[in-house]
Amino acid sequence: MENLKTIYGILLSQSDFLLYVIKLLFGAFAAFLSIAVWSRNRTCEWVFIALGIIIKYAGIVFELFIYSGIYIAWEYKFCGIDLPKLLFTILPDLLFILAFIVVLHKSR
């Protein structure tokens, strides 16, 4: 069991720990770049894409909170799924869909 690391009392294998570090690093870089693009180009589609990337990164952090035991489940659920977890899963994709719809609409 020497290949397990403890994060906030939770045992993670080295591959799980490495995967979280990679997700956090690349997610942070993508969020930083999306903010940089957002500040230069404030068109509607880029705002939706930037918000989707930022919320996706917040979802990665939220997932880490769940696995580390920092987050305690809400009593509000939708079809048995925790509402914040559902929103962090669906909202980025909805924002990307909106961005693509705006691009398609503008290209007419």
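The values are calculated or read from the model by the stated rules, or taken from the named source; none is laboratory data. As the structure is a computational prediction, the values presented were derived from the model and not from experiment. Glycine gets a Cβ as well: all are built from the backbone with ideal geometry, and neighbour counts include every protein chain shown. Calculation scope for accessible area: heavy atoms of the full protein, side chains included, ligands and nucleic acids excluded. Shrake-Rupley method; radii C 1.70, N 1.55, O 1.52, S 1.80 Å.
In terms of accessible area, using a 1.4 Å probe and ignoring ligands and nucleic acids, T89, T43 rank largest first as T89, T43.
With viscosity set to 1.567 mPa s at 4 °C, what whole-number translational diffusion coefficient in µm²/s follows for the chain from Stokes-Einstein and a Kirkwood radius over Cα pairs?
Working: Rh = 15.8 Å.
It diffuses with D of about 82 µm²/s by this estimate.
Note on exposure: D93, D82 ranked by accessible area (1.4 Å probe, complete protein assembly) read D93, D82, with the most exposed listed first. When you restrict to C-alpha pairs under 8 Å that are six or more residues apart and normalise by the size of the chain, the relative contact order lands at 28 percent. A 31 angstrom limit on the alpha carbon distance is what I want to check against. Which of K56/K77; K77/K106; K23/K106 exceed it? Violating the 31 Å limit, Cα to Cα: K77/K106; K23/K106.
How much mean residue ellipticity at 222 nm does the chain get from its helices, if each DSSP H run of length 4 or more adds -39500 (n - 2.57) and you divide by all residues, to the nearest 500 deg cm²/dmol? Walk me through the numbers before you get to the answer.
On the way: 3 runs with 76 residues, N = 108.
So the helix-based figure for the chain works out to -25000 deg cm²/dmol.
Looking at the stretch 14-108, the chymotrypsin sites (Phe, Trp or Tyr not before Pro) that sit in a DSSP loop and have at most 12 other Cβ atoms within 10 Å of their own Cβ are W74, Y76. Solvent-accessible surface of the chain, averaged per residue with a 1.4 angstrom probe and all protein chains in place: 74 square angstrom.
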